[in-house]
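*Asks:* The structure that follows is given in the form of structure tokens.
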Amino acid sequence: MKITEVRIILRDEEKLKGFANVTFDNMLVIRGMKIIAGSKGYFLSMPSRKRPDGTHQDVAHPINNEARRVLEEAVLTAYEEEVKAQGQKEDIKD
């Protein structure tokens, strides 16, 4: 599967920097991924739902490290481009 579109919705919160909607092969979209500012840089949090016991379960997620790397790289690149396009000062590189 190839990523065919990444849409970014910026947020200006302490940790939550934006949301991403990613389309694969112009056929499947995963909405609600979060771009989070962590202690070691930015990372992608997958969409999840809250269980009755208060824990969270991912609704969709990569099944291996390579898939996660490809997805995270595409989203963070699109995030950086959107930040630049909006004229915000934000650097996602460590």
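*Asks:* Taking only pairs that are 8 or more places apart or on different chains, how many Lys pairs in the chain have Cα atoms under 28 angstrom apart?
*Replies:* Within the chain, the lysine pair count is 26.
*Asks:* Using a 10 Å cut-off on Cβ atoms, rank the peptides 74-83, 7-16, 28-37 from the highest mean neighbour count down. List each step's numbers first, then the result.
*Replies:* Working: 74-83: 18.3, 7-16: 12.8, 28-37: 16.3.
Packing proxy ranking, top to bottom: 74-83, 28-37, 7-16.
*Asks:* Between ILE63 and GLU14, take the C-beta separation as r, use R0 = 41 Å, and let me know the FRET efficiency to the nearest 0.05. Write out the running numbers ahead of the final one.
*Replies:* Values: r = 31 Å, r/R0 = 0.75.
After rounding to 0.05, the efficiency reads 0.85.
*Asks:* Going by accessible area, probe 1.4 Å, with all protein chains left in place, what is the ranking of LYS17, LYS40, LYS84, largest first? Mind dumping the intermediate values first?
*Replies:* Values: LYS17 25, LYS40 175, LYS84 145 Å².
From most exposed to least exposed: LYS40, LYS84, LYS17.
*Asks:* Report, to the nearest whole %, how much of the accessible area of the chain belongs to carbon and sulfur atoms, 1.4 Å probe, protein only. Let's see the in-between values first.
*Replies:* Values: 3180 of 6710 Å².
Carbon plus sulfur share of accessible area: 47 percent.
*Asks:* If you count only protein heavy atoms with a 1.4 Å probe, what accessible area per residue comes out for the chain, rounded to a whole Å²?
*Replies:* Numbers: 6710 Å² over 94 residues.
Each residue of the chain exposes 71 Å² on average to a 1.4 Å probe.
*Asks:* Suppose we take every Cα in the chain and form the convex hull; what volume per residue is that in Å³?
*Replies:* Numbers: hull volume 10.9 nm³, N = 94.
Enclosed volume per residue, from the Cα hull, is 116 Å³.
The values are calculated or read from the model by the stated rules, or taken from the named source; none is laboratory data. As the structure is a computational prediction, the values presented were derived from the model and not from experiment. Heads up, the Cβs are rebuilt from the backbone with ideal geometry, glycines too, and the neighbour counts pull from every protein chain shown. The protein model used for the area step is the full one, side chains on, heavy atoms only, and it has no ligands, DNA or RNA in it. Shrake-Rupley method; radii C 1.70, N 1.55, O 1.52, S 1.80 Å.
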